[in-house]
1. Taking beta carbons within 10 Å but only from partner chains, what does the mean come to for residues A:34-45?
2. Please list A:77-90, B:2-15 highest first by mean number of surrounding beta-carbon atoms within 10 Å per residue.
3. Using the Karplus curve 6.51 cos²θ - 1.76 cosθ + 1.60 with θ = phi - 60°, what ³J(HN,Hα) values do you get for each residue of the stretch A:74-89, in whole Hz, with x for Gly and Pro?
4. Within straight cross-link reach of A:Lys69, meaning Cα distance under 28 Å, which lysines are found once same-chain residues fewer than 8 apart are removed?
5. Nearest 100 Å² is fine: how much accessible area is buried between B and A, summed over both sides, with a 1.4 Å probe?
6. Could you work out the local net charge near A:Tyr89, counting Lys and Arg as +1, Asp and Glu as -1, over the other residues with Cβ closer than 12 Å to its Cβ?
7. Determine the gain in length on full extension of the stretch B:Thr111-B:Leu95; use 0.36 nm per residue of separation and subtract their C-alpha separation, reporting nm with one decimal.
Amino acid sequence: AQSVAQPEDQVNVAEGNPLTVKCTYSVSGNPYLFWYVQYPNRGLQFLLKYITGDNLVKGSYGFEAEFNKSQTSFHLKKPSALVSDSALYFCAVRDTAYGGSQGNLIFGKGTKLSVKP
Amino acid sequence: KAGVTQTPRYLIKTRGQQVTLSCSPISGHRSVSWYQQTPGQGLQFLFEYFSETQRNKGNFPGRFSGRQFSNSRSEMNVSTLELGDSALYLCASSLDGEGPPLHFGNGTRLTVT
């Protein structure tokens, strides 16, 4: 069965410093991995995806993620954090038990990112 | 272009009642998927509809059901509400469901008392 884990409930970063939000995955076959962000009382916003290709994936708002097959990780990164990046971040993997459809995602528990001025 | 619209934004129901939530996808999108978000269980997939057909369903009891209309609008229904059904219900739409959901609504916050 597919799964993702976000080992940190919260990450605290000072504005201007680099940030990393960790995600590890467990899949059978090729992984389809995604990152989403959720601001308070809002729905999710798609940040980026890894399907195949380059291990470094660039996404929205200056975020990027590094796919590491040997470590089964897909960490989200940003070179310089902004206070406005403070939000809840979710890593997700496509549940390939349902062939064809990509609407069925399995989400991690989420990591709350707090960026202080 | 209007985003994904979910109505109502907030609902308060009592145990045993039933509730219907609505989701209007982005114009032209034919795939709608639903998720339940709770503090304890996190985000869980409920079901996905494409062209009025349910393509797959998550691991939820039969009290949770949904449908999609010819204009791609979708509804989900929860019957015989339980306290544990209190959650934020999110809807997402995509053009054809062949990629990850890109556009989510702001959700319906359901409170069961």
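The values are calculated or read from the model by the stated rules, or taken from the named source; none is laboratory data. All of these numbers come straight from a predicted model, not from anything done at the bench. Here the Cβ positions follow ideal geometry from the backbone for every residue, glycine too, while neighbour counts run over all protein chains shown. Protein only, heavy atoms only, side chains kept; ligands, DNA and RNA dropped before computing areas. Shrake-Rupley method; radii C 1.70, N 1.55, O 1.52, S 1.80 Å.
1. Per residue, the number of nearby Cβ atoms from other chains is 5 on average.
2. Answer by packing, highest mean first, reads A:77-90, B:2-15.
3. Residue by residue, the stretch A:74-89 yields 8, 7, 8, 9, 8, x, 9, 6, 10, 4, 5, 7, 4, 4, 9, 10 Hz.
4. Within reach: A:Lys22, A:Lys49, A:Lys58, A:Lys77, A:Lys78, A:Lys109, A:Lys112.
5. Its buried surface, counting both partners, is about 1800 Å².
6. +2
7. So the extension gain works out to 2.7 nm.
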